[in-house]
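Below: one structure, written as structure tokens.
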Amino acid sequence: MAREVPKNPILVSVLSENCLVSAYLVGLLRQDASFRTVSMDAVQRHGVRANAPLTFVIDASTLASPVGHCLRQLRQLSRSCRFLILDEERNNEEAVRLLLSGAHGFLPHSQVGMRLGRAVRFIANGHFWVAPGVFESYLTQMRKGSNDARQVTPRESEILDLLRLRLSNKEIAEYLRIRVSTVKFHVTHILSKLQISSRQDLFTDDFRGFLNKLPLT
């Protein structure tokens, strides 16, 4: 007997650069008739209707670009999009940074088989899927964010991630499709906010620990 298809299914698009991972995630979602999977090709061709918000399931471990940059690009499709990030286990500070970059939830790979559907439904309904301690830390960062002089903006965070990959200003400009002069402007502000004299200071052991705690606007 065929399953009854709901009138308003939850639209989900899986984003993974590994075709086997993508097929596995889509297969899990299709076990639940309340989900309707939509390919990225279809999203890019037809866009996202305002009355049909889309939830993206993103496997961060397969991305070639920083998560923050990926979310920024996807938000251009629709401001109503929701994002669930899949990855290896992350500590609370790293999970908070994901939320600050625009994600709405984080699910470790070890829990995908059992909890993917529940996490997607939770996020699609306007909630966050993270451990209670993570969400509390996120709210604390949000409250103090406007008073923190050293916080970096989402764009600065993207450039900071690329700097840590040791890309040149020209390579960053080509990757983000902005001018080299704009990259230089952001780099100058980043170094000033982080109170360091050169980009080489980003690779010291002491500074790596500080970066993991850095809030975003």
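The values are calculated or read from the model by the stated rules, or taken from the named source; none is laboratory data. As the structure is a computational prediction, the values presented were derived from the model and not from experiment. For neighbour counting, all protein chains shown are included, and Cβ atoms are generated from backbone atoms with ideal geometry for every residue, glycine included.
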* To do: Look at PHE203 and say whether it is at pLDDT below 85 and of a type in the set (Phe, Trp, Tyr).
  => yes
* Given the residues SER65, SER16, which is the only one that is assigned by TED's automatic domain parsing to the domain that holds PRO108 and at pLDDT below 90? -> SER65
* Filtered residues of the stretch 77-101 (kept if part of a strand (DSSP E or B) and closer than 22 Å to SER34 by Cβ) -> ARG82, PHE83, LEU84, ILE85, LEU86
* Any residue in the stretch 102-129 that's under 12 Å from ILE58 (Cα atoms): show its pairings with residues that are assigned to a helix (DSSP H, G or I) at Cβ separation under 6 Å, as long as the two are six or more apart or on different chains. => HIS104/ILE123; GLY105/ALA119; GLY105/ILE123; PHE106/ALA95; PHE106/LEU98; LEU107/ALA119; LEU116/LEU28
* Does the stretch 150-172 contain at least one residue that is modelled with pLDDT under 65 and either under 18 Å from CYS70 (Cβ atoms) or in a helix (DSSP H, G or I) (or both)? -> no
* To do: Go through the residues of the stretch 102-124 one by one and say whether even a single one is in a loop (DSSP other than H, G, I, E, B) and farther than 20 Å from ARG155 by Cα.
  => no
* **Flag if VAL96 is modelled with pLDDT under 90, in the same structural domain as THR62 (by TED's automatic domain parsing), surrounded by 14 or more Cβ atoms within 10 Å (Cβ to Cβ) and of a type in the set (Val, Ile, Thr)** => yes
* Return yes or no: is ARG82 buried (at least 17 other Cβ atoms within 10 Å of the Cβ), touching an Asp or Glu at 6+ places or on another chain (Cβ under 9 Å) and not acidic (Asp, Glu)? => no
* Could you list all residues from the stretch 72-98 that are under 17 Å from THR62 (Cβ atoms) and more than 13 Å from the chain's Cα centre (by Cα)? => GLU88, GLU89, ARG90
* Structure fact -> Listed by first then second residue, the pairs whose first member lies in the stretch 40-68 and is part of a strand (DSSP E or B), whose partner is modelled with pLDDT under 80 and surrounded by 16 or more Cβ atoms within 10 Å (Cβ to Cβ), with beta carbons under 6 Å and at least 6 positions apart or on separate chains, are LEU54/VAL48
* Asked: From the list GLU4, GLU88, which residue is loosely packed, with under 12 Cβ neighbours inside 10 Å and modelled with pLDDT of 80 or more?
  -> GLU88
* **From SER39, SER34, residue being over 18 Å from ALA119 (Cβ atoms) and modelled with pLDDT of 85 or more** => SER39
